[in-house]
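The values are calculated or read from the model by the stated rules, or taken from the named source; none is laboratory data. For clarity, every value in this text was computed on a predicted model and none was experimentally measured. Here the Cβ positions follow ideal geometry from the backbone for every residue, glycine too, while neighbour counts run over all protein chains shown. With ligands, DNA and RNA removed, areas are computed over all heavy atoms of the protein, side chains included. Shrake-Rupley method; radii C 1.70, N 1.55, O 1.52, S 1.80 Å.
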Amino acid sequence: MWLKLTRSATFVTLRICRRRNIATLRPDFRSISQGFSCLDSKTQTIQPLCSRSPLLAAHPSITLALGLQPRRTITTDRSSWYESIADSTPVYLTEQLLVSAQQMTGLPWWASIVCTTLALRTAITLPLGIYQSIIIAKVEALQKEIAVLARQLRFEISVKAKEKGWSEKTCRFHFKKNLKRIVSELYVRDNCHPFKASLLIWVQLPMWVCLSLALRNLSLGMGHVPLASEAGLATGGALWFPDLTLPDSTWIMPVSLGLINLIITEIFALRQLEPSKFQKYVTHFIRGISLVMIPIAATVPSSMSLYWLSSSCVGLAHNLLLRSPRFRGVCRIPPTRSDSETPYKDIAAAFVAKYIK
């Protein structure tokens, strides 16, 4: 007596993939569906109806026991998006920059990371910060002219509405449409479109990501560029973080990073005289990100935490520098309502009034 049975199974094999000197295991999924077998009631054994599968040919015991015939085989071997970014060309070039800077200066790795961060932020982000301040100042200076033109446009729309019998909704439509056109013309005239003020973040964020991933690759031995010494970052630290490949177990750098980022956020918030709801939401969001970065910095290699802390310290220094009236005059940044002859005293007084009193 024969009974016809169906079975389905999935085999998982591990493939050893070598990437330079590091061997990793990657799963190889092969699915087998609806194989047919027969059960012999006399011998109580399963006999295959068909055993021509190349996958099961190397496993006769499985073939005889299950008698499976696969219809198709599916193999997945895709790296994650995070690994794809870490293996990208910009990260590779950043690794070359870090290693070349350390070899040329001869500094220990911790000092090389700090100096490279200072050089890049001063050469790239500081000029963009000055340009951003110029755009913001020009946009703020246009607000008075925009207010005058808006009043004039509102009067013209009301006169036109009486002539043509427009409804209130139609008047609002024409007012918004013409005001948008007038404001765009003013931005073009003074070359100060607000979108240009966001150029800093579009450059600073990719640079931050590339440097972080480059340090991560070098710390984990996954870099594309060989280090000058065998130890490399493992002995390139100092003080309480002698090994830059390990996380900071003391949490000194992560907590310092969070505090510096919160100070930068508060300085930015104090500059807004009458913040809108959107600006308040953005400020709260940045505060939350600053706090979330503390536990993240405590789990990554110390080289990344050191870079993040150095970058934040340089950013704080640049923010304070851009408040200096003398520096703003040298850079020809137009004056704004929030400018002060004693900006640092005003910041200290605002901090005391907001958080101490």
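Structure summary
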| quantity | calculated |
| --- | --- |
| Residues residue 88 and residue 159, FRET efficiency given R0 of 45 Å [Cβ-Cβ distance, rounded to 0.05] | 0.15 |
| Exposure of residue 156 as accessible area (Å², to 10), given a probe of 1.4 Å and all protein chains | 90 Å² |
| Quarter of Cα convex hull surface for region 85-356, i.e. mean projection, nm² | 18.9 nm² |
| Within-12-Å neighbourhood charge of residue 307 [Cβ basis; K, R +1; D, E -1] | +2 |
| Options 240, 127, 255, ranked by Cα towards positive dipole end of region 85-356, top entry (Cβ charges) | 127 |
| Out-of-range pairs (alpha-carbon distance over 21 Å; input 138/180; 144/176; 144/164; 169/277; 277/345) | 144/164; 169/277; 277/345 |
